Amino acid sequence: MIKIKNLHWKYGEKKILEDINLEIERGKFYSIIGPNGSGKTTLLRNIARILEPQKNTILIDNKDIMDFQNKELAKKIASVPQNTEISFDFSCHDIVMMGRTPYLKRFETEKAEDKIIVREAMETTNTWELRNKSINELSGGERQRVIISRALAQEPDIILLDEPISHLDIHHQVRIMDNIKALNQKKKFSVIAVFHDLNLAAQYSDTLILLNHGKIISLGKPEEVITKKNIKEVYHMDVYMMKNPTNGKPHMIVLPTVNKSFSDDINF
């Protein structure tokens, strides 16, 4: 569905991505992990065409991403950015309805079908009760859920998520991720997400992409990527690895770095 071939990207003279080669399959859940500054968000922005990749480096259904018209690309890709600040004082319902724009002709108003899709998207993220509120009245977590709703309402083939649950409490983290995973399996759209939480990435992903210094260090199933060796090499941390007892996915526990004599003096 997506082919990335020899993608390089730099800001000025600073190399951010080097020789990225990937194939993204339809209906699969991919997570991009790696330390700060490894190129995760830059890779996502190239796929979203927020940053302009070189010709013939990113193909969607064998068509160069640079050859898509904006509306055509919007039917293929929906993006949830890290920064969800919105300058204009729209209602939450209007924000989510914007996800239907690629399907409307010029000056055409939304149809009954569009309204149904928007309601379903907002109910999925538990934001329907916020529909009449201004987007600027919401907390950061509520606003993030509304932006995820807009992406779902867009009904794309690919959803790009950049730290999609960073502002959410644990209840909404689990609910949103469970719903996105269920829709990913039911509707067969692809998900490419950036995560800092490696355990969360392992829990929901079919494939992990581990980046460091703009290069792919490891690519494969969670148990192939989240290993003691890889974590030590990339994050410079010692970890204890175990299997999640509910699904067999790898679960990582970071070992403390304080020396024993100091930790023995700490009272809990």
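The values are calculated or read from the model by the stated rules, or taken from the named source; none is laboratory data. Because the structure is a prediction, the values reported are computed rather than measured. Virtual Cβ from ideal backbone geometry, glycine too; neighbours counted across all protein chains shown.
Out of everything in segment 78-129 that is of a type in the set (Gly, Ala, Ser) and touching a residue at least 24 places away in the same chain (Cβ under 8 Å), what residue ends up being farthest from ASP157 (Cα to Cα)?
Kept after step one, since they are of a type in the set (Gly, Ala, Ser), are these residues of segment 78-129: 78-79, 87, 91, 99, 112, 121.
Next, from what is left, pick out any that are touching a residue at least 24 places away in the same chain (Cβ under 8 Å): 78-79, 91, 99, 121.
Numbers: ALA78: 8, SER79: 11, SER91: 26, GLY99: 13, ALA121: 15 Å.
Going through the qualifying residues, I end up with SER91.
Assess whether ASN6 counts as being outside any helix (DSSP H, G or I) and under 22 Å from TYR204 (Cβ atoms). Show your work before the answer.
Values: outside any helix (DSSP H, G or I): yes; under 22 Å from TYR204 (Cβ atoms): no.
Considered against the rule, which asks whether it is outside any helix (DSSP H, G or I) and under 22 Å from TYR204 (Cβ atoms), ASN6 comes out as no.
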Considering segment 219-249 alone, what residues qualify as being assigned to a strand (DSSP E or B), more than 18 Å from the chain's Cα centre (by Cα) and either closer than 12 Å to SER38 by Cβ or hydrophobic (A, V, I, L, M, F, W, C) (or both)? VAL239, MET241, MET242
Please state which one of SER31, SER38, SER79 is surrounded by 21 or more Cβ atoms within 10 Å (Cβ to Cβ) and in a loop (DSSP other than H, G, I, E, B). SER38
First in segment 191-218 and on the phi > 0 side of the Ramachandran plot, second anywhere and in a loop (DSSP other than H, G, I, E, B) and surrounded by 21 or more Cβ atoms within 10 Å (Cβ to Cβ), Cβ under 8 Å, 6 or more apart: HIS213/SER38; HIS213/GLY39; GLY214/SER38; GLY214/GLY39
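Go through LEU73, LEU44 for me and flag whichever is assigned to a helix (DSSP H, G or I) and farther than 25 Å from SER218 by Cβ. Explain how you work it out, then say what you get.
Details: LEU44 fails: farther than 25 Å from SER218 by Cβ.
Criteria check complete, one pass: LEU73.
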Output the residues belonging to segment 156-165 that are in contact (Cβ under 8 Å) with a residue 40 or more places away in the chain, within 15 Å of ILE32 (Cα to Cα) and assigned to a loop (DSSP other than H, G, I, E, B). GLU163, PRO164
Find the residue count for segment 47-60, including only residues that are assigned to a loop (DSSP other than H, G, I, E, B) and either of a type in the set (A, V, I, L, M) or within 23 Å of LEU104 (Cβ to Cβ) (or both). 3
Scanning segment 182-203 for residues that are in contact with a strand residue (DSSP E or B) (Cβ under 6 Å, 6 or more places away or on another chain) and farther than 18 Å from MET1 by Cα gives VAL194, PHE195, LEU198, ASN199, ALA201, ALA202
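Starting from residues that are assigned to a strand (DSSP E or B) and among the small types (Gly, Ala, Ser), keep the ones in segment 186-213 and report whichever is farthest from GLU18 (Cα to Cα).
Of segment 186-213, the ones assigned to a strand (DSSP E or B) are 190-194, 207-212.
Of the ones still in play, those that are also among the small types (Gly, Ala, Ser) are 190, 193.
Values: SER190: 24, ALA193: 20 Å.
It comes out as SER190.
Looking only at segment 236-248, decide whether some residue is in contact (Cβ under 8 Å) with a residue 40 or more places away in the chain and touching a helix residue (DSSP H, G or I) at 6+ places or on another chain (Cβ under 9 Å). First the steps, then the outcome.
Of segment 236-248, the ones in contact (Cβ under 8 Å) with a residue 40 or more places away in the chain are 244, 247.
Keeping just the survivors that are touching a helix residue (DSSP H, G or I) at 6+ places or on another chain (Cβ under 9 Å) gives 244, 247.
Checking segment 236-248: at least one residue is in contact (Cβ under 8 Å) with a residue 40 or more places away in the chain and touching a helix residue (DSSP H, G or I) at 6+ places or on another chain (Cβ under 9 Å).
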Which one is surrounded by the fewest Cβ atoms within 10 Å (Cβ to Cβ), of the residues in segment 128-180 that are farther than 22 Å from LEU104 by Cβ and β-branched (Val, Ile, Thr)? ILE170
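Tell me, please, whether a residue that is buried (at least 19 other Cβ atoms within 10 Å of the Cβ), in contact (Cβ under 8 Å) with a residue 60 or more places away in the chain and farther than 23 Å from LYS187 by Cβ can be found in segment 55-68. Can you show your working first?
From segment 55-68, those buried (at least 19 other Cβ atoms within 10 Å of the Cβ) are 57-58, 60, 65; that's our starting set.
Cutting the leftovers down to in contact (Cβ under 8 Å) with a residue 60 or more places away in the chain gives us 60.
The next check asks that each one be farther than 23 Å from LYS187 by Cβ; those that pass are none.
There is no residue in segment 55-68 that is buried (at least 19 other Cβ atoms within 10 Å of the Cβ), in contact (Cβ under 8 Å) with a residue 60 or more places away in the chain and farther than 23 Å from LYS187 by Cβ.
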(1) touching a helix residue (DSSP H, G or I) at 6+ places or on another chain (Cβ under 7 Å); (2) farther than 30 Å from GLU233 by Cα; (3) among the hydrophobic types (A, V, I, L, M, F, W, C) all hold for MET1 apart from (1)
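In segment 185-202, which residues are crowded, with 19+ Cβ neighbours inside 10 Å and closer than 24 Å to VAL146 by Cβ? Even if it seems obvious, please write down each step before you answer.
To start, the set of residues in segment 185-202 that are crowded, with 19+ Cβ neighbours inside 10 Å comprises 189-195, 198, 201-202.
Answer for segment 185-202, where residues must be crowded, with 19+ Cβ neighbours inside 10 Å and closer than 24 Å to VAL146 by Cβ: PHE189, SER190, VAL191, ILE192, ALA193, VAL194, PHE195, ALA201.
If you take the residues of segment 87-119 that are among the acidic types (Asp, Glu) and modelled with pLDDT of 95 or more, which of them is surrounded by the most Cβ atoms within 10 Å (Cβ to Cβ)? Walk me through it before giving the result.
Initially, segment 87-119 is screened for residues among the acidic types (Asp, Glu), giving 89, 94, 108, 110, 113-114.
Still in the running and modelled with pLDDT of 95 or more: 94, 113-114.
Values: ASP94: 16, GLU113: 10, ASP114: 18.
Once the filter is applied, the top-ranked residue is ASP114.
Among LYS14, LYS3, which is the only one that is of a type outside the set (Asp, Glu) and modelled with pLDDT of 95 or more? Quick ask: steps written out before the conclusion?
Details: LYS14 fails: modelled with pLDDT of 95 or more.
Of LYS14, LYS3, the one residue that is of a type outside the set (Asp, Glu) and modelled with pLDDT of 95 or more is LYS3.
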